[in-house]
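Q: My questions all concern the structure below.
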Amino acid sequence: MDLHNGSMYWPTTYRAPLRKKPFKKADCYDAVIVGGGMSGALTALSLVDRGLQIAILDKRRFATGSTSANTGLLQYSNDIMLHELIEQIGQIDAVSFYQSCMKAMKQLKKVADRLPVDPHFICRESIYFASDEDDAERIEKEYHTLSKYGFPCTYWDRDALLTNAGIDRPCAIVTFGDAEVNPYIFANGIFDLAETMGAHLFEFTEMLDVKESGGKLTVSTAAGEMRTKNIIFTTGYESLPIGKRIGADINRSYVIVTEPLNELPAWYKDALIWETKRPYLYMRTTADKRIIIGGLDENSGDVEISEELIWQRGNELRRNFNEVFPHLDIEIEYAYCATFGESIDNLPFIGEHPTKKNHFYLLGYGGNGTVYSILGAEILADQLCGIEHPASHIVQLARIDGTGQNKMIL
C-alpha cells in the first residue's frame, strides 16, 4: 500500500543513516515491533527505557511511510472538542484523556531533548478559529470547558483575532503547550537513540506471519524467524499484517509546502493555526521560513492519483490559505497526497487484542497521531510491565462509543 504520492519535503531536510541489520538476533525478544514509523520509534524507546530487549522491523526504510508525510503539528487538543468528548464518553474519562494528551506533549519535549540530532522541536501556541458564525458558539463553549478543567488557553473575539493574528473570523481559542517538529528527523533520531540503548533495528524486513508455540511467538519474516514474548503492531495506516479494522476509515489529505520566504510574514508567534469546519485547513511555519498548509480531506485512502490532480488540490489549498491571509503571496514548491486514519469516535486504538494474547496494537487514528503515539507507547510499556495505565480503558481495542456502536480491531 502506498501511503503518499507527490513531492515530499521532509526527506530533503535530513540524510538518514544507512542502518546495518544486527549481526545476531536475540534468542527471544521481550517484544517485536512491526512498523518503523513514529509510533514504532516512540514505542521502541519507551520499551528500551524499561530495560526490555526489543526488535523493530519495517518492510521499507524507517520513517519513509506516513511519518515523512506528517506535517509536524503537535497539539494536546483533538479533532473532537473536549466538551463534545464529555458528551460522548463522560466527564471523568474525557478530561482524563485530554490530561493524558497534555502530559504526552511534555513527554515529546523530553524525548526531543535527548536526541543526538536536532529535530526542530519548538514550543508553540495554537490558534483554533471559528470558520463561521455558526461555529462561534462551539468555540466559546470549548474555551469555557478547557478553562474549567485547567487546560492552558485563552479566548479571542473577532477584534482580538484580527488585531493579534490578522485573521478576520468570528473568534478563536489560543491553546498553550503545543509544539512543532520535523517528524522525519525526530523519528530517525529516536531510532538512533534506541539503537545505542540495545534495540535491534531491521529495515527492509517484511513480517509474513505470527504463530504461537510453547507460550512464545514465532515471527516469520522475509529474512528469517524471530522468537518473542510479545508482538506490537505500530503499522499506522497500512493494511494490518494480521486481522482487519473495524470502526476506522482510511482517508486521504493534501499538503503543500511553500518556497522559502525572504522573511516570514507577521504571523502571531509562528503559531500553529487550524479551524473548526470539516474538513479543516491547518498551517504552520518551518525553521527555513516556509509555510506548510494541509487539508481538503477526502473519504478515500487511495493515493494513486495523478500529479496533475495533486497540484490542482495544492492550488486549491493555496486559495483557501489566501482566504485567511489575503495579502500574503506564496509559491508552492512541494505538493503531495497522503493517507490518514480516522476512528468513529476520534480516539486511537491502543492495547492488547481481546482474543489474541500477547498481540498489541498502537494505531493512532484521529486527533493528533504523534501525541497519540507517545501516549500509546507509555500505555504499552506499562502493560508489558504489568502496570495499568489510567487511560488504557479509554483507548482499548474493544470498546463501545457514544452511539452504542461496538468496534474493535480483529
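The values are calculated or read from the model by the stated rules, or taken from the named source; none is laboratory data. These figures come from a predicted structure and were not determined experimentally. Cβ atoms come from the backbone with ideal geometry, glycine included; neighbour counts cover every protein chain shown.
Q: Determine whether Y254 is touching a residue at least 24 places away in the same chain (Cβ under 8 Å) and touching a Lys or Arg at 6+ places or on another chain (Cβ under 8 Å).
A: Details: touching a residue at least 24 places away in the same chain (Cβ under 8 Å): yes; touching a Lys or Arg at 6+ places or on another chain (Cβ under 8 Å): yes.
When the stated conditions are applied, Y254 passes them.
Q: Here's something else I'd like to know. Please note which strands (runs of 3 or more DSSP E) are completely contained in segment 1-74 and include at least 2 residues that are of a type in the set (A, V, I, L, M, F, W, C) and in contact (Cβ under 8 Å) with a residue 40 or more places away in the chain. Give the steps one after another, and end with the answer.
A: Working: elements: 4-6, 31-34, 54-57.
Here the list reads 31-34, 54-57.
Q: Let me ask something else about it. For segment 288-305, which positions are of a type outside the set (D, E), assigned to a loop (DSSP other than H, G, I, E, B) and modelled with pLDDT of 80 or more? It would help to see each step written out before you state the result.
A: Within segment 288-305, the subset of a type outside the set (D, E) is 289-296, 299-301, 303, 305.
Next cut, assigned to a loop (DSSP other than H, G, I, E, B) only: 289-290, 299-301, 303, 305.
Once the filter is applied, which keeps residues that are of a type outside the set (D, E), assigned to a loop (DSSP other than H, G, I, E, B) and modelled with pLDDT of 80 or more, segment 288-305 yields K289, R290.
Q: When residues of segment 113-129 are filtered for being crowded, with 21+ Cβ neighbours inside 10 Å and in a helix (DSSP H, G or I), how many remain?
A: 0
Q: How many residues does segment 373-385 hold that are free of Cβ contacts under 8 Å to residues at least 40 places away in the same chain and crowded, with 24+ Cβ neighbours inside 10 Å? Write out each step before concluding.
A: So in segment 373-385, the residues free of Cβ contacts under 8 Å to residues at least 40 places away in the same chain come out as 379, 382-383.
Narrowing the set further to residues that are crowded, with 24+ Cβ neighbours inside 10 Å leaves 379.
Qualifying residue count for the region: 1.
Q: Of all residues in segment 312-348, count the ones that are closer than 12 Å to V257 by Cβ, of a type in the set (D, E, K, R) and assigned to a helix (DSSP H, G or I).
A: Selection size over segment 312-348: 1.
Q: Additional query: Take G367 and decide whether it is on the phi > 0 side of the Ramachandran plot and either in a loop (DSSP other than H, G, I, E, B) or out of contact with any strand residue (DSSP E or B) (no Cβ under 8 Å at 6 or more places or on another chain) (or both).
A: Details: on the phi > 0 side of the Ramachandran plot: yes; either in a loop (DSSP other than H, G, I, E, B) or out of contact with any strand residue (DSSP E or B) (no Cβ under 8 Å at 6 or more places or on another chain) (or both): yes.
So G367 passes the test.
Q: Is it true that A160 is modelled with pLDDT of 95 or more, crowded, with 18+ Cβ neighbours inside 10 Å, assigned by TED's automatic domain parsing to the domain that holds K277 and farther than 27 Å from A41 by Cα? Don't jump to the end; show me each part of the working.
A: Working: modelled with pLDDT of 95 or more: yes; crowded, with 18+ Cβ neighbours inside 10 Å: no; assigned by TED's automatic domain parsing to the domain that holds K277: yes; farther than 27 Å from A41 by Cα: yes.
Here the answer is no, as A160 does not meet what is asked.
Q: Looking at L3, L42, L47, L82, which is the one that is surrounded by 20 or more Cβ atoms within 10 Å (Cβ to Cβ), modelled with pLDDT of 90 or more, touching a Phe, Trp or Tyr at 6+ places or on another chain (Cβ under 8 Å) and not basic (K, R)? Talk me through it step by step, then tell me what you get.
A: Numbers: L3 fails: modelled with pLDDT of 90 or more; L42 fails: touching a Phe, Trp or Tyr at 6+ places or on another chain (Cβ under 8 Å); L47 fails: touching a Phe, Trp or Tyr at 6+ places or on another chain (Cβ under 8 Å).
One residue alone meets the criteria, L82.
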